[in-house]
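Accompanying notes for the structure given below.
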Amino acid sequence: MIPQPSVIPISESEKQGLGIREFDIILITGDAYVDHPSFGIPLLARVLWDSGYTVGIIARPDWKRKEDFSRLGKPRLFFGISSGNVDSMVDNYTPNLKRRSDDVYAPGGTPMRPDRATIVYTNRVRELCPGVPIVIGGIEASLRRFAHYDYWQDRVRQSILADAPADLLVFGMGERSLVEIAGRISDGGDLHSLRNIPGTAYRIDIAEWRNNRPDETVEIPGFPEVAEKTAYARAFALHYAEQDPVRGRRVAQPHPKTVVIQNPPAPPLSSDELDRIYELPFTRRAHPSYTQPVPALLPVQFSITTHRGCFGACSFCALSHHQGRIVQSRSVESILREAERIAKMPEFKGIIQDLGGPTANMFGSYCPRWKSGACTDRNCSPACPTLDTSHLLQCELLRQIRELPGVKKAFIGSGVRFDLVLSDDSPYLEAICDHHISGHLKVAPEHIAHGVTRVMNKPGREIFDRFRHQFDSLQAGKKKRQYLLPYFMSGHPGCTIADMVELAVYIRDNRLYTEQVQDFTPTPMSVSTCMYYTGLNPFTMEPVHVPRGREKTIQRALLQYRDPKNRTLVVEGLEACGRCDLIGNKAGCLVNASGASSLSGSKRPARRR
């Protein structure tokens, strides 16, 4: 068995230097190779090496050159293909559908990732290596595993398994599934025998589906049936209900030439398994062959993942379909060991950039019911009597991190769920205000209008107000005031222009600052995207207002009403909802007659980083 290399090989010379004639597995990614646990392909490569398999990485191949895909030869077991850390369409285009001029996951930010990279890479590999198994995965494949609405083409596309000539699709985080695939193929199993691995999807012929359907399988409306919006909403609700690793069943969706079948999700990793993965020998550096920095590494190089999963189930987030609702936390001891290793790196200047996960303060959260799967009749919330949302374990972790030699500061950069902060009487908020935020604390109320937060499945305005008041009370006596950095969203389903005016007035009256805002982008497999396409809530089938076109542009302008360039749009929005009282020179107006924004009745807003 060859031990873990200091750097995963990406070239023939590195392969030969390790004495490897043939890799067991070759992984292909649209990202640069950065040996960091927040980069999916390098993490999976380390996990596979730890399981006894040799692995090479082909990073950022030029899809027009076959030599880029054959540079490491053929693998003994299979190719694993991913678009990278992000969906290639999200990476290549802005929410306004303009092509981006850079790629933060590339050396020097130089873009080279093709649109629909997973399909493009898979076609190239199948052309060059027709007999070698191909497994696709990553966020792009994971969230396109069923027929899905594609914002960039404004239509429903087939499952990626119906478009890409892959043999298997791994969804979710993938470690457990990928190791099992490698083991089975290594033991002589053929692709037909890999149909029962949790966390995977595969396809079968229509004739086989008609004659030999797998037991306990939920059939959802097929493609092109889901082009009809009611059928799409119904299909979404059906497969959404099966995304639980304990009680989830197989889901099948017929397509014109094939049937795509998703197995239940893989079981969550235990605390010990997470510890082992995150303590693998990551260098936290880009490959030494790169002559330019990879921008995406800079904000996360000295960050630490403390847990996975999120039970928040925000409508616009697809995490329920990827990491799941069950929170899996690492041990305090493992996190401390990782921090100690970081502190010994010569580049480390004493600042841990983030201690967190999808939501920082879900670390240590636990519900005994999760052993039987997340509840089917409700979402997890701090109000549930069986959900333990205590912050005491995280307070202890933060205290011990502060005491480590070489660590000057450890920040909570990934943001906190403010309703959880209010769920217990621990000194968590005091602790992070005193030691773990660098002037600004990220929170994501997203909106304050009741009808919008209900559609978003976010806490309401009254809860955010309670949190703001608690945060402000902790600023008394501080030499340097700290500020909340709230994230708000425009253009979300369920949101009207009147709702955005209400939010703009709230921002003004509470002296909040919104230099950067998020305009809702319909990405695959979120509840909000289903609502955007269908105009229906998939769980109740009730109609939902969907802002589009000019209205969507006006909503974004209202969120940035202080910018004089937005005055025409802001005035149009105010007139459309009968709020002309907010136009003029008197106190309390959003825009004045001269065209400048009005800050009447409020103090100077806090500056954002």
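Search the stretch 397-420 for residues that are farther than 17 Å from residue 305 by Cα and touching a residue at least 24 places away in the same chain (Cβ under 8 Å) and pair each with any residue that is among the polar types (S, T, N, Q) and not in a loop (DSSP other than H, G, I, E, B) when their beta-carbon atoms are under 8 Å apart and the residues are at least 6 apart or on different chains.
420/361
Taking the options 588, 601, 595, 535, name whichever one is on the phi > 0 side of the Ramachandran plot, modelled with pLDDT under 85 and in contact with a Pro (Cβ under 9 Å, 6 or more places away or on another chain).
So the residue among 588, 601, 595, 535 that is on the phi > 0 side of the Ramachandran plot, modelled with pLDDT under 85 and in contact with a Pro (Cβ under 9 Å, 6 or more places away or on another chain) is 595.
Scan the stretch 203-216 and tell me whether some residue there is open to solvent by less than 40 Å² (accessible area, probe 1.4 Å) and either touching a helix residue (DSSP H, G or I) at 6+ places or on another chain (Cβ under 9 Å) or over 13 Å from residue 261 (Cα atoms) (or both).
Filtering the stretch 203-216 for residues open to solvent by less than 40 Å² (accessible area, probe 1.4 Å) gives 204, 209, 214.
Still in the list and also either touching a helix residue (DSSP H, G or I) at 6+ places or on another chain (Cβ under 9 Å) or over 13 Å from residue 261 (Cα atoms) (or both): none.
Within the stretch 203-216 (the criterion being open to solvent by less than 40 Å² (accessible area, probe 1.4 Å) and either touching a helix residue (DSSP H, G or I) at 6+ places or on another chain (Cβ under 9 Å) or over 13 Å from residue 261 (Cα atoms) (or both)), the answer is no, since none of the residues qualifies.
Which residue pairs have Cβ atoms under 8 Å apart, sit 6 or more places apart or on different chains, and have a first residue in the stretch 429-452 that is more than 17 Å from residue 414 (Cα to Cα) and open to solvent by 10 Å² or more (accessible area, probe 1.4 Å) and a second that is of a type outside the set (Lys, Arg) and assigned to a helix (DSSP H, G or I)?
451/499
Scan the stretch 244-260 residue by residue and report those that are open to solvent by less than 40 Å² (accessible area, probe 1.4 Å) and closer than 20 Å to residue 175 by Cα.
Matches in the stretch 244-260: 244, 245, 248.
Within the bounds of the stretch 79-86, is there any residue that is open to solvent by 10 Å² or more (accessible area, probe 1.4 Å) and on the phi < 0 side of the Ramachandran plot?
Within the stretch 79-86, one or more residues are open to solvent by 10 Å² or more (accessible area, probe 1.4 Å) and on the phi < 0 side of the Ramachandran plot.
Conditions: (1) open to solvent by less than 10 Å² (accessible area, probe 1.4 Å); (2) within 23 Å of the chain's Cα centre (by Cα); (3) aliphatic (A, V, I, L, M). Residue 266 meets all but one. Number of the miss?
(1)
Taking residue 326, is it over 24 Å from residue 91 (Cβ atoms), modelled with pLDDT under 95, open to solvent by 10 Å² or more (accessible area, probe 1.4 Å) and among the aliphatic types (A, V, I, L, M)?
The answer is yes for residue 326.
Are any residues in the stretch 230-259 under 15 Å from residue 537 (Cα atoms) and either aliphatic (A, V, I, L, M) or assigned to a strand (DSSP E or B) (or both), and if so, which ones?
Hits for the stretch 230-259 are 231, 233, 235, 237, 238, 241.
Yes/no per residue for (1) open to solvent by 20 Å² or more (accessible area, probe 1.4 Å); (2) on the phi > 0 side of the Ramachandran plot; (3) assigned to a loop (DSSP other than H, G, I, E, B); (4) small (Gly, Ala, Ser):
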site	(1), (2), (3), (4)
304	no, no, no, no
312	no, no, yes, yes
315	no, no, yes, yes
333	yes, no, no, no
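Taking the criterion of being at pLDDT 95 or above, hydroxyl-bearing (Ser, Thr, Tyr), over 20 Å from the mean Cα position of the chain (by Cα) and open to solvent by 20 Å² or more (accessible area, probe 1.4 Å), would at least one residue in the stretch 481-491 satisfy it?
No: the stretch 481-491 contains no residue that is at pLDDT 95 or above, hydroxyl-bearing (Ser, Thr, Tyr), over 20 Å from the mean Cα position of the chain (by Cα) and open to solvent by 20 Å² or more (accessible area, probe 1.4 Å).
Tell me the residue from 414, 390 that is buried (at least 19 other Cβ atoms within 10 Å of the Cβ), of a type in the set (S, T, N, Q), under 25 Å from the mean Cα position of the chain (by Cα) and in a loop (DSSP other than H, G, I, E, B), please.
Of 414, 390, the one residue that is buried (at least 19 other Cβ atoms within 10 Å of the Cβ), of a type in the set (S, T, N, Q), under 25 Å from the mean Cα position of the chain (by Cα) and in a loop (DSSP other than H, G, I, E, B) is 414.
Only residues in the stretch 158-170 that are in a helix (DSSP H, G or I) count as the first member; pair them with residues that are among the small types (Gly, Ala, Ser), Cβ under 6 angstrom, at least 6 apart or cross-chain, and list the lot.
Listed pairs, sorted by first residue: 160/141.
Within the stretch 180-229, restricting attention to residues that are within 30 Å of the chain's Cα centre (by Cα) and of a type in the set (Phe, Trp, Tyr), which residue is nearest to residue 24 (Cα to Cα)?
Checked the stretch 180-229; the qualifying residue nearest to residue 24 (Cα to Cα) is 202.
Determine whether the stretch 106-118 contains at least one residue that is within 22 Å of residue 18 (Cβ to Cβ) and out of contact with any helix residue (DSSP H, G or I) (no Cβ under 7 Å at 6 or more places or on another chain).
No, the stretch 106-118 has no match at all.
For the structure I just gave you, tell me whether residue 498 is more than 27 Å from the chain's Cα centre (by Cα), surrounded by fewer than 24 Cβ atoms within 10 Å (Cβ to Cβ) and among the hydrophobic types (A, V, I, L, M, F, W, C).
Numbers: more than 27 Å from the chain's Cα centre (by Cα): yes; surrounded by fewer than 24 Cβ atoms within 10 Å (Cβ to Cβ): yes; among the hydrophobic types (A, V, I, L, M, F, W, C): yes.
Against the criterion (more than 27 Å from the chain's Cα centre (by Cα), surrounded by fewer than 24 Cβ atoms within 10 Å (Cβ to Cβ) and among the hydrophobic types (A, V, I, L, M, F, W, C)), residue 498 qualifies.
Can you spot a residue in the stretch 212-229 that is under 30 Å from residue 53 (Cα atoms) and in a loop (DSSP other than H, G, I, E, B)? Working first, answer last.
Within the stretch 212-229, the subset under 30 Å from residue 53 (Cα atoms) is none.
The answer is no, given that none of the residues of the stretch 212-229 is under 30 Å from residue 53 (Cα atoms) and in a loop (DSSP other than H, G, I, E, B).
Identify the residue in the stretch 556-580 that is acidic (Asp, Glu) and not in a loop (DSSP other than H, G, I, E, B) and, among all such residues, is most open to solvent (accessible area, probe 1.4 Å). Show your work before the answer.
Of the residues in the stretch 556-580, the ones acidic (Asp, Glu) are 563, 572, 575.
Restricting the remaining residues to those that are not in a loop (DSSP other than H, G, I, E, B) gives 572, 575.
Numbers: 572: 65, 575: 107 Å².
The residue in question is 575.
Being part of a helix (DSSP H, G or I) and at pLDDT below 95 is the filter; apply it to the stretch 335-361 and report the residue that is surrounded by the most Cβ atoms within 10 Å (Cβ to Cβ).
In this case the residue turns out to be 361.
What number of residues within the stretch 126-157 satisfy the criterion of being open to solvent by less than 20 Å² (accessible area, probe 1.4 Å) and either part of a strand (DSSP E or B) or not aliphatic (A, V, I, L, M) (or both)?
14
Within the stretch 41-69, take every residue that is of a type outside the set (D, E, K, R) and surrounded by fewer than 20 Cβ atoms within 10 Å (Cβ to Cβ) and give me the one that is farthest from residue 17 (Cα to Cα).
63
Among the residues of the stretch 362-374, which ones are farther than 20 Å from residue 333 by Cβ and either surrounded by 17 or more Cβ atoms within 10 Å (Cβ to Cβ) or touching a residue at least 24 places away in the same chain (Cβ under 8 Å) (or both)?
367, 370, 371, 372, 373, 374 - these are the residues of the stretch 362-374 that are farther than 20 Å from residue 333 by Cβ and either surrounded by 17 or more Cβ atoms within 10 Å (Cβ to Cβ) or touching a residue at least 24 places away in the same chain (Cβ under 8 Å) (or both).
The values are calculated or read from the model by the stated rules, or taken from the named source; none is laboratory data. The shown structure was predicted, so the numbers you read here are calculated from the model rather than taken from an experiment. So basically every Cβ, Gly included, is an ideal-geometry build from the backbone, and we count neighbours across all protein chains shown. When the accessible area is computed, the model is the full protein with side chains, heavy atoms only, and any ligands, DNA or RNA have been set aside. Shrake-Rupley method; radii C 1.70, N 1.55, O 1.52, S 1.80 Å.
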